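Derivation of every value follows stated rules applied to the coordinates shown; laboratory data play no part. A quick note: this is a predicted structure, and the numbers were derived from the prediction, not measured. Neighbour counts are summed over all protein chains in view; Cβ atoms, including those assigned to glycine, are modelled from backbone coordinates with ideal geometry.
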Amino acid sequence: ATTEGAVVFENEFFQLLEYKPLTAKVYERPFLLVPPCINKFYILDLQPENSLIRYANEQGHRVFVVSWRNPDESLAKATWDDYIENAAIKAIHTVQEISGSKQINTLGFCVGGTILSTALAVLAGRGEKPAASVTLLTTFLDFSDTGILDIFVDEAMVAYREMQLGKGGLLPGGDLASTFSFLRPNDLVWNYVVGNYLKGETPPPFDLLYWNSDATNLPGPFYAWYLRNTYHENKLAKPNALTVCGQKIDLGKIDIPAYIYGSREDHIVPIGGAYASTQLLPGKKRFVMGASGHIAGVINPPAKKKRSHWIRDDGKFPRTQAEWLTGAAEHPGSWWTDWAQWLKGHAGKQVAAPKAYGNGKTYKAIEPAPGRYVKARA
């Protein structure tokens, strides 16, 4: 988490980070990133050369990021509604207040995208339209095609987790980490058993693997609700099937421009699952497929000139990703440049970059980025 910034707001669920501008002018609409709460936000800011946060900053955006608290016993009863109201919606409103901008640009990564989209649907139900655009990176909204995770989630497993954690308790971070590792056992488990245990080799220092081992706990009620209503019963994709924060949830009300990204070899959010969001969101959309997996496909900076991405320019979104691909063209290198161009179109005019963090009144720098919350170990 190397990019310079400060914590400008905190509550029991998250810290809001604001990053120091790297340009003399910034776009008038600020940019809020909502990372997954099932691991740490610095996957988006590992090192200067592969940081999506720094990249957005260099493009002239005023960047804010949610840094989730690593839950302890004080959050053992926290629910999905709590995370939507007191974290996602609170972050959106705080960025609006700090910047004085009616609308902001938003990005959600993995379950962060699921949380962000739920929050935008709640706000739409309340007659609010705070986002000028939404970017979803490897995100499920429609959980029909969950790939190999399907094996783990059935009625017995969900009912067991509800009995165990539904009223309170914490899901240990290590449980989730080992589940994700065993989705790719050859790469993420046996590779190290052979190397470390049999051959006695020390694993090479690798930023991604350090992050992968830095797990986060989850509140039991939040986790049990998420399992049943998304993975198991896929209710988020069905209009008005769920009530969250007092509002019926209809993703069809999120009528804003959307940039939807999926990774071709993703084993956590299969490409078809990421693509399915194009069928739910009614606004003007752009879908991009990147090469590689859940993390490496997303964290693919342009300077590396690695991997390809696929884009279809006729504006058509057939029912399946396989059909979409027949009309898509391959482009060498990172998808970041395509996204940066797209985001610029929703960012408004350029204004002088702020000289201080926060707004000088209610919101000021509390402590330097990355803040205390991200340093708490599971």
Regarding the chain, what is the average projected area of its C-alpha convex hull, in nm²? 18.4 nm²
Kirkwood-based shape ratio for the stretch 252-327, expressed as Rg/Rh from alpha carbons: 0.97
Here is the link list: LYS102/LYS306; LYS20/LYS375; LYS40/LYS167. Which ones come out longer than 31 Å on Cα distance? LYS102/LYS306
Treating cross-link reach as a plain straight distance, find the aspartates and glutamates whose alpha-carbon is under 15 Å from the alpha-carbon of LYS349, omitting any fewer than eight places away in the same chain. GLU28
Listed residues ALA56, ALA347, ALA159, most fluctuating in the chain (Gaussian network, C-alpha, under 10 Å): ALA159
Taking every DSSP bridge whose two residues both lie in the chain, the antiparallel percent to the nearest 5 is 55 percent
Give the residue list of GluC sites (Glu not before Pro) in the stretch 194-274 that are DSSP loop and have at most 12 other beta-carbon atoms within 10 angstrom. GLU201
Which listed residue (ALA356, VAL298, SER67) has the Cα farthest towards the positive end of the charge dipole for the chain, taking +1 on Lys and Arg C-beta and -1 on Asp and Glu C-beta about the Cα centre? ALA356
Compute the longest continuous run of the chain that contains no exposed chymotrypsin sites (Phe, Trp or Tyr not before Pro); treat a site as exposed when its DSSP state is not H, G, I, E or B and it has at most 12 other Cβ atoms within 10 Å. 1-181
Just to verify a number: FRET efficiency for ASP314 and ALA156, C-beta to C-beta distance, R0 = 41 Å, to 0.05? 0.35
Residue separation times 0.36 nm, minus the C-alpha to C-alpha distance between THR326 and LYS235: what's the value? 29.8 nm
Amide N proximity, the stretch 326-350 versus GLU58 label position 7 Å along Cα-to-Cβ, cut-off under 17 Å: 333-344
For the chain, return all DSSP H helices satisfying: extent of Cα atoms along own axis at least 20 Å; mean Kyte-Doolittle hydropathy at least 1.6. 111-125
If you put +1 on each Lys and Arg Cβ and -1 on each Asp and Glu Cβ, how big is the dipole of the chain around its Cα centre, in Debye rounded to 20? 1080 debye
Rounded to the nearest 0.05, what FRET efficiency is calculated for LYS248 and LYS25 with R0 set to 45 Å and r the Cβ-Cβ distance? 0.60
Within straight cross-link reach of LYS235, meaning Cα distance under 18 Å, which lysines are found once same-chain residues fewer than 8 apart are removed? LYS248, LYS253
